[in-house]
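A short write-up of the structure that comes next.
The values are calculated or read from the model by the stated rules, or taken from the named source; none is laboratory data. These numbers were taken from a predicted model, which means no experiment stands behind them. Quick reminder, even Gly has a Cβ in these numbers, built from the backbone with ideal geometry, and neighbours come from all protein chains shown.
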Amino acid sequence: MKEYILLMFSAALVNNVILGRFLGLCPTMGVTTRLDAAVGMGMATTFVMTVAAIAGWTANTFLLTPFDLGYLRTITFILIIASTVQFTELVVKKVSPSLFQLLGIYLPLITTNCAVLGIALLLVDAKMSILTSVLFAIGSAMGFSLVLVMFAGLRERLAVMDVPRLFAGPPIAFIVVSLLALAFMGFSGMGAS
Amino acid sequence: MDEFAHSTQDFSAPAMVEGIAQVVKIEGKTAWLVPEQGSSCGSCASASACGSKGVGTTASRLENRRFRINNDANLAVGERVVFGIRDNVLLKASIAAYAIPLASLLLAGSLAQWKFGSDLITMGAMIAGLVIGLGVSRLEARRLYTRGDLAPLFLRRARPGETCSS
């Protein structure tokens, strides 16, 4: 049990997907202008990342590895992620059209989120079991959502600040995210002890 | 600094997430609206190179998100209006759509791994857990809809040139 908790803690904070691995920077800058958008995107990414991790693990274990098709891994995973996003969109629409109206706008953006592909490839390289793969994916996605929400909160405050014109908009946002990355470096090494 | 000291914004009022939509159809006392493109997708500096365009056109996606409101304000086709949803609705909707199926998936997978210790059985249990979770999610979404939590509210007519980000 302890190793599972450490795995999720490490994936969420120590090796944070945005601030530690520098993946998923496009949604980090694109959907963090409003807190509600960051929450919607974070939850949608968590769902897709987890389902894609299961599908990727299955494809790798039962198809790519036995038939020695490792060279097709990246393109297979891209296909899996795109299919997962479409599947999620269909399911949310079927489960509740009202929910789809509220949350549907975030789903297509996940197709091009490199964090989802990055985590799927990392899982395969680490040769994890299915349960640890899922826990690692959920931990990474929680870290991703945490940073999105924190950053959105900071940007909402920045929007009403008197920022010098030279730094207004994306420049000050990049400076803030770099300071966040420095703060997250404080977690370095915690997973190993 | 003085701007903040003299701010009159009422932070105790229920916060609303606002959006702009155009009336496309009137049916008796019901108005059908299509939301305008938000600031989060398609209107950024890299819109021309964005891969999400390939999944479907922005227009078709917005058309899919058509919704209706009560036409108490006598709206006409072509009018632009500001609508709102309560701030906590998005969180409730996200929990209903994503968190419930994920929790169910994880619970089923953990139990299967603990009981049988086989990756194949765990994977099957996770898929079963996901399906059950989606069923529960559907019930929760229906409950939220029945209570009217997910319904957008008409706030006012949009000013000429008003956009989501203005």
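Just name the residue that is farthest from A:PHE151 (Cα to Cα) out of those in the range A:161-193 that are of a type in the set (Val, Ile, Thr) and without any contact (Cβ under 8 Å) to a residue 24 or more places away in the chain.
Looking at residues that are of a type in the set (Val, Ile, Thr) and without any contact (Cβ under 8 Å) to a residue 24 or more places away in the chain, I get A:VAL163.
If you scan the range A:119-134, which residues turn out to be facing another protein chain (nearest Cβ under 9 Å) and modelled with pLDDT of 90 or more?
A:VAL134
Kindly indicate which of B:LEU105, B:LEU134, B:LEU144 is in contact (Cβ under 8 Å) with a residue 40 or more places away in the chain, surrounded by 14 or more Cβ atoms within 10 Å (Cβ to Cβ), within 10 Å of another protein chain (Cβ to nearest Cβ) and assigned to a helix (DSSP H, G or I).
One residue alone meets the criteria, B:LEU144.
A:LYS2 is checked against (1) over 15 Å from A:SER188 (Cα atoms); (2) in contact (Cβ under 8 Å) with a residue 12 or more places away in the chain; (3) surrounded by fewer than 20 Cβ atoms within 10 Å (Cβ to Cβ) and fails just one. What number does that condition carry?
Only one criterion in (1) over 15 Å from A:SER188 (Cα atoms); (2) in contact (Cβ under 8 Å) with a residue 12 or more places away in the chain; (3) surrounded by fewer than 20 Cβ atoms within 10 Å (Cβ to Cβ) is unmet by A:LYS2, namely (2).
How about the range A:29-50: which of its residues are of a type in the set (S, T, N, Q) and at pLDDT below 85?
A:THR32, A:THR33
Yes/no matrix, rows are residues, columns are (1) out of contact with any helix residue (DSSP H, G or I) (no Cβ under 9 Å at 6 or more places or on another chain); (2) within 18 Å of A:PHE136 (Cβ to Cβ); (3) at pLDDT 90 or above:
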position	(1), (2), (3)
B:ASN88	yes, no, no
B:LYS92	no, no, no
B:ALA96	no, no, no
B:PRO101	no, no, yes
B:SER104	no, no, yes
B:LEU111	no, no, yes
B:LYS115	no, no, yes
B:SER118	no, no, no
B:LEU130	no, yes, yes
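Among the numbered criteria (1) touching a strand residue (DSSP E or B) at 6+ places or on another chain (Cβ under 7 Å); (2) among the polar types (S, T, N, Q); (3) under 30 Å from A:MET185 (Cβ atoms), which one does A:THR132 miss?
It is condition (1) that A:THR132 fails.
Among (1) surrounded by fewer than 23 Cβ atoms within 10 Å (Cβ to Cβ); (2) within 9 Å of chain B (Cβ to nearest Cβ); (3) of a type in the set (Val, Ile, Thr), where does A:VAL149 come up short?
The failed condition is (2).
If a residue counts only when it is under 25 Å from A:GLY169 (Cβ atoms), which helices (runs of 4 or more DSSP H) contained entirely in the range A:1-72 have at least 1 such residues?
Helices (runs of 4 or more DSSP H) meeting the threshold: A:25-30, A:35-59.
Find the residue count for the range A:56-67, including only residues that are at the interface with chain B (Cβ under 10 Å from one of its Cβ atoms) and surrounded by fewer than 22 Cβ atoms within 10 Å (Cβ to Cβ).
Of the residues in the range A:56-67, 3 are at the interface with chain B (Cβ under 10 Å from one of its Cβ atoms) and surrounded by fewer than 22 Cβ atoms within 10 Å (Cβ to Cβ).
Tell me, yes or no, whether the range A:162-178 has at least one residue that is surrounded by 12 or more Cβ atoms within 10 Å (Cβ to Cβ) and within 18 Å of the chain's Cα centre (by Cα).
Scanning the range A:162-178 turns up at least one residue that is surrounded by 12 or more Cβ atoms within 10 Å (Cβ to Cβ) and within 18 Å of the chain's Cα centre (by Cα).
So, in the range A:90-111, how many residues would count as being surrounded by 22 or more Cβ atoms within 10 Å (Cβ to Cβ), under 26 Å from A:THR76 (Cβ atoms) and facing chain B (nearest Cβ under 8 Å)?
Final tally of qualifying residues: 4.
Could you count how many residues in the range A:36-52 are closer than 16 Å to A:GLY118 by Cα and either out of contact with any helix residue (DSSP H, G or I) (no Cβ under 6 Å at 6 or more places or on another chain) or at the interface with chain B (Cβ under 7 Å from one of its Cβ atoms) (or both)?
Counting residues in the range A:36-52 that are closer than 16 Å to A:GLY118 by Cα and either out of contact with any helix residue (DSSP H, G or I) (no Cβ under 6 Å at 6 or more places or on another chain) or at the interface with chain B (Cβ under 7 Å from one of its Cβ atoms) (or both) gives 3.
I'd like the residue in the range A:26-57 that is free of Cβ contacts under 8 Å to residues at least 40 places away in the same chain and not small (Gly, Ala, Ser) and, out of all such residues, is nearest to A:THR132 (Cα to Cα).
A:VAL51
Is the range B:33-51 home to any residue that is modelled with pLDDT of 80 or more and under 17 Å from the mean Cα position of the chain (by Cα)?
The answer is yes; a qualifying residue exists.
Of everything in the range A:179-193 that's of a type in the set (Gly, Ala, Ser) and modelled with pLDDT of 85 or more, which residue is nearest to the chain's Cα centre (by Cα)?
A:ALA181
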